[in-house]
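Quick notes on the structure that follows.
The values are calculated or read from the model by the stated rules, or taken from the named source; none is laboratory data. Quantities reported herein were computed from a predicted structural model and do not represent experimental measurements. Methodologically, a virtual Cβ is constructed for each residue, glycine included, from the backbone with ideal geometry; neighbour enumeration extends over all protein chains shown. Heavy atoms of the whole protein, side chains included, go into the accessibility calculation; ligands, DNA and RNA do not. Shrake-Rupley method; radii C 1.70, N 1.55, O 1.52, S 1.80 Å.
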Amino acid sequence: MLSRMGDDAKNAVPGPVYICGRQHSGNTVLALALGRLPPFLALPQDLPYFEHLELIDQTRNPRKRVAYAIRCMMLELESARLQLEVSAWLNRWILDHSAASAIDIYLEAMHFAVRSRRKEWWAQKATSYIFYADQVLDLVPNSRMIYMLRNPYDLAASKKQRDPGIDRIWAHSVSWYKGLRKALALQERHPARFRIVRYEDLVLAPETTMRTLCNFLGVAFDPQCLDVPHINRAEKPHVWTVDADATYGLSRSRVFYYPSHLAQPEMAALDQLSSRRLLHEFYPNLPHQT
């Protein structure tokens, strides 16, 4: 179920893409998939930039402002070489643009990065940007946001595999429903620029889902976007680099796999904390409830 995809996307003007779902929801997978489309440079790690706009703008010295901005962009996560190239360019560019704001610096950096890689736009994983969505959509021309949604039981199972000692019930349930409600409100306010996409649809119906997303983004579908490397699995430490022996493709193995990883009391607790209406709307046929 690719939520509420309407005719308003048919004439989409291409631009940057931000992927802002909760952790373990397939954000990295989608960023890498988009990065296999010719127009996009994939940035599969969170770049916490919009959180710092005000503080960057308060830095009056232009060179220090650029240095602060570069630290926040963390573009070395695509490659160390790209970080050096962007840093060198911005330090030259700021000499002729001393009044540049934080958003000016960001856009110059990102456009330089995509040009240097012979791309047109960036596809950035940005889980925290759900809290800055209105600002991002206002300040970044033609940008779009995708909220990756995954059922809360599989999310809890992934959290348990990654770190068995962390809370995966109470805070997880509260934040899941809070995030979804916020995403629904944003989709209502920005119907042509914000979409909720289920992780389950991405991996169970990959071609249909990616074709619909490409329509939303205003870019041509290319089958190579389905050939995504398998990285950042829940049972391993968080990584984003691709190993030489990595397997490829959109794997179905992590869809509704929670019954074999969560104890009955854990599933019962998640049941009690759930918003029955939202859960039924997006996941009406969960395995343990059928």
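Would you pull out the residues with amide H under 5 Å of residue 262's amide H, same chain only if 5 or more places away, H placed 1.01 Å from N?
none
So in the chain, what percent of DSSP beta bridges are antiparallel if you round to the nearest 5?
Working: 2 of 17 bridges.
For the chain, the DSSP antiparallel bridge percentage is about 10.
Which one of 99, 126, 42 has the biggest mean-square fluctuation once the chain is modelled by GNM with Cα springs under 10 Å?
Highest fluctuation among the options: 99.
Tell me the carbon and sulfur percent of the accessible area for the chain, rounded to whole percent, probe radius 1.4 Å.
Values: 7070 of 13290 Å².
Carbon plus sulfur share of accessible area: 53 percent.
Taking the stretch 99-207 on its own, what percent of its Cα-Cα pair distances exceed 19 Å? Walk me through the intermediate numbers first.
On the way: 3400 of 5886 pairs.
When all Cα pairs of the stretch 99-207 are counted, 58 percent exceed 19 Å.
Principal axis extents for the chain, Cα atoms only, whole Å, descending order, please.
So the three principal-axis extents are 64, 43, 40 Å.
Ignoring everything except DSSP H segments at least 4 long, calculate the 222 nm mean residue ellipticity for the chain; use -39,500 (n - 2.57) per segment, divide by total residues, nearest 500.
Values: 12 runs with 128 residues, N = 290.
Estimated from H runs of four or more residues: -13000 deg cm²/dmol.
For the stretch 132-143, take each phi angle, set θ = phi - 60°, evaluate the Karplus expression 6.51 cos²θ - 1.76 cosθ + 1.60, and give the result in whole Hz per residue in order, putting x for glycine and proline.
Here the 3J(HN,Hα) series is 10, 4, 4, 5, 4, 5, 6, 8, 10, x, 6, 6 Hz.
Have a look at 116, 197, 55 and report the one farthest towards the positive end of the charge dipole of the chain, computed about the Cα centre with Cβ charges (Lys/Arg +1, Asp/Glu -1).
Going by the Cα projections, it comes out as 55.
Whole angstrom only: what separates the Cα centroid of the stretch 124-140 from the Cα centroid of the stretch 258-290?
30 Å
Classify the stretch 71-141 from the C-alpha gyration tensor, please: rounded if a/c falls under 1.5, else prolate or oblate depending on whether a/b exceeds b/c.
Values: a/c = 1.76, a/b = 1.22, b/c = 1.44.
Judged from the Cα gyration tensor, the stretch 71-141 comes out oblate (a/c at least 1.5, b/c at or above a/b).
What number comes out for accessible area per residue over the chain if the probe is 1.4 Å? Units Å², please.
Working: 13290 Å² over 290 residues.
Here the residues of the chain average 46 Å² of exposed surface.
Treating the angle as unsigned and between 0 and 90°, give the value, to the nearest 10°, between the Cα long axis of helix 102-116 and the longest Cα principal axis of the chain.
So the inclination is approximately 90 degrees.
Using modelled backbone amide H atoms (1.01 Å from N, in-plane), which distant-in-sequence or interchain residues come within less than 5 Å of residue 147's amide H?
20, 195, 196, 197
Just read off the accessible area of residue 256 with the full protein assembly in place, 1.4 Å probe, to the nearest 10 Å².
70 Å²
Placing unit charges on C-beta atoms (Lys and Arg positive, Asp and Glu negative, everything else neutral), compute the dipole magnitude of the chain about its Cα centre in debye, rounded to 20. All intermediate terms of the calculation are to be shown ahead of the outcome.
Working: 36 positive and 30 negative charges, 30 e Å.
Computed about the Cα centre, the dipole is about 140 debye.
Can you tell me which of 263, 133, 185 moves the most in a GNM of the chain? Springs connect C-alpha atoms under 10 Å apart.
263
Hey, got the dipole for the stretch 5-130? About the Cα centre, +1 on K and R Cβ, -1 on D and E Cβ, debye to the nearest 20?
Working: 15 positive and 13 negative charges, 80 e Å.
It works out to roughly 380 debye.
Tell me the relative contact order for the chain as a rounded percent, counting alpha carbon contacts under 8 Å between residues six or more apart. Let's see the in-between values first.
On the way: 431 pairs, mean separation 81.0, N = 290.
Relative contact order of the chain: 28 percent.
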